[in-house]
Structure formats: structure tokens, C-alpha cells
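Chemist: There's a structure below that I have some questions on.
FYI, it's all coordinate maths here, none of it is from the lab. Computed from a prediction, not measured in an experiment: that's the story for all the values here. Glycine also receives a Cβ, built like all others from the backbone with ideal geometry; neighbour counts cover every protein chain displayed.
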Amino acid sequence: MCYVLLAAGFVNAQTAQEILDKAIEAKGGAKLNDLKSVKMEGTLNAMGMDIPNKTFIINKRGFRTEIEVMGQNIIMAVDGSKGWTINPLQGGDAAADLPEDQVKAMSGQMDLSGLASFKTDGTVELLGKEGDAYKIKMVSKDGSTVINFFDATTYNIVKTVASLEMQGQKMDLETKYSNYKMVDGVSFPFTIETSNPQAGQITYNFTKIEVNPTIDEKIFTKPN
């Protein structure tokens, strides 16, 4: 019986790797290795409001997102392993440190190679199929776990479920991805929907995504 279970596990692992390989090719394949930076512009919809949004990423270096609410610019940024925010709606223009758990949650977005990093720095396990999507558990090098759902035809990610701990509370963050378009040989979802108990549902609709734009690293540095 033990040998049967080990064999089944090996087959599942191989199958998961094959699905991951196809997903990497669908995302852009070798083009992913050329991603140095990304800039995204659009709106996020929260509580019935469409709010202008800009996001800047330098691969494994920095992440910064800006939204404009009632004429006020709100910034959240990660600079290496530290994060900060400026929110005029919650106490002025001074930069404040972000909690460690929030920084960890945002830092995952700085790795532009994304799925490709699991080839060497993560593990994958096929959990089965849900509807028209393969359900795969992915554990990164730092122990972070996410369940990815890959469309069985396109191999694009259609949904992720990540278990996070925010402000001492464990929660599941569900994110849905759709409206995929190719930009300079790399596939991006232009619509992203997130849902968690604290923030409710937020929908990002991107109107423009730039690949490898010049981004000044100073924008990630916390202002004095």
C-alpha cells in the first residue's frame, strides 16, 4: 500500500509540473526572464466608486501603488524588505511603516517571473480539478502557500486562494483573474477581483500596462 501511495504522489507531482510548464509558456515563456519592470494604470472599484490607480514594480526590488481618493493621493510601497504608506485621509502627509505581515503579502508581487520561480524555488502539488480548472497547491521557498486554479484550455490562472495572517488574524484572500492580453510577448490579466473579510471586494481594471519602462528606484524609498 505504501508503494502505491508513493507512486500516486509521484504521478501527481509530475502532472502538476507539466501543468506549470504549460502555464509558464502561456504567460510568456522565456520572455518572463526579460521582465525588469512593469507599470500599470487603470481604476479600482470599491464600494461603488471607480478610483484612479497606478502601480510601479521593479523586479525583486520595489513595489509602489497609488490611488487618488477625493483629490488625495494615497501611497503604499515596499522597498526591499520594508514597507511604508502615506494616507492623508488617516492622519496627514507623513510616511508610516507598514506592518510586517502586510509587507510580506505585498512583496510577492515584486517577483515578475512569477510562476517561473517555482521551477527552482518552490514545490507544486496537484489537488485535482474543479470545474474547468486544475487546482494546484504551490509553496514558495519562504513557506508561503497559495492555491492556484489554471484554466484547463488556456492554462491562464483564473483564481488564487492565499492564506494570510493580517493584524493577528488568519484569513483567506481570494483573487480572480480575467481579460488576459499580450503585452510585448507577456500575458497579463487586465481585470483582477480580490475579496477578503477586511477589505471586501475590490476590482482592478487596467487600461494600460507597460513592460520594462524606466522607473526611478527613488520612488520606493520612504520619505523622511
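Chemist: For residue 60 and residue 132, what does the FRET efficiency come to when R0 = 22 Å and r is the distance between their Cβ atoms, rounded to the nearest 0.05?
Modeler: Working: r = 33 Å, r/R0 = 1.50.
Step by step, r from the Cβ atoms, then E = 0.10.
Chemist: Same structure again: Consider all pairwise Cα distances in the chain and report the whole-number % of them above 28 Å. Write out the running numbers ahead of the final one.
Modeler: Values: 7956 of 24976 pairs.
The answer is 32 percent, as a whole percent.
Chemist: Taking 2.2 N^0.38 Å as the expected size of a compact globular protein, what ratio does the Cα radius of gyration of the range 46-178 give against it, to two decimals? Could you put the intermediate results ahead of the total?
Modeler: Numbers: Rg = 16.8 Å, N = 133, 2.2 N^0.38 = 14.1 Å.
Relative to the 2.2 N^0.38 Å estimate, the range 46-178 comes out at 1.19.
Chemist: Quick one: the Cα spread of the range 143-224 along its three principal axes, in angstroms, biggest first?
Modeler: On the principal axes, the range 143-224 reaches 49, 38, 26 Å in Cα extent.
Chemist: Now, a different point. Pick from 132, 50, 79: which residue has the top mean-square fluctuation in a GNM of the chain where Cα pairs under 10 Å get a spring?
Modeler: Fluctuation is largest for 132.
Chemist: Which of the listed residues, 52, 148, 122, is farthest toward the dipole's positive end in the range 2-220, when Lys, Arg count +1 and Asp, Glu count -1 at the beta-carbon?
Modeler: Positive-most Cα among the choices belongs to 122.
Chemist: Then there is this: Collect residues whose amide H, placed 1.01 Å from N in the peptide plane, falls under 5 Å from the amide H of residue 212; neighbours closer than 5 in sequence don't count.
Modeler: HN-HN under 5 Å from residue 212: 36, 37, 38, 39.
Chemist: Under the Karplus relation 6.51 cos²θ - 1.76 cosθ + 1.60, θ = phi - 60°, what is the ordered set of whole-Hz ³J(HN,Hα) values for the range 171-177, x standing for Gly and Pro?
Modeler: 8, 9, 9, 9, 10, 10, 10
Chemist: Choose one answer from 129, 60, 176: the residue with the largest mean-square fluctuation in a GNM of the chain with alpha-carbon springs under 10 Å.
Modeler: 129
Chemist: With 10 angstrom as the radius, rank 69, 146 by how many other C-beta atoms surround their C-beta, starting from the fewest.
Modeler: Numbers: 69 14, 146 19.
So the ranking, lowest neighbour count to highest, is 69, 146.
Chemist: So which of 135/218; 104/137; 141/222; 27/60; 176/218; 36/129 end up more than 29 Å apart by C-alpha?
Modeler: Values: 135/218 39 Å; 104/137 19 Å; 141/222 27 Å; 27/60 18 Å; 176/218 32 Å; 36/129 34 Å.
With Cα atoms farther than 29 Å apart: 135/218; 176/218; 36/129.
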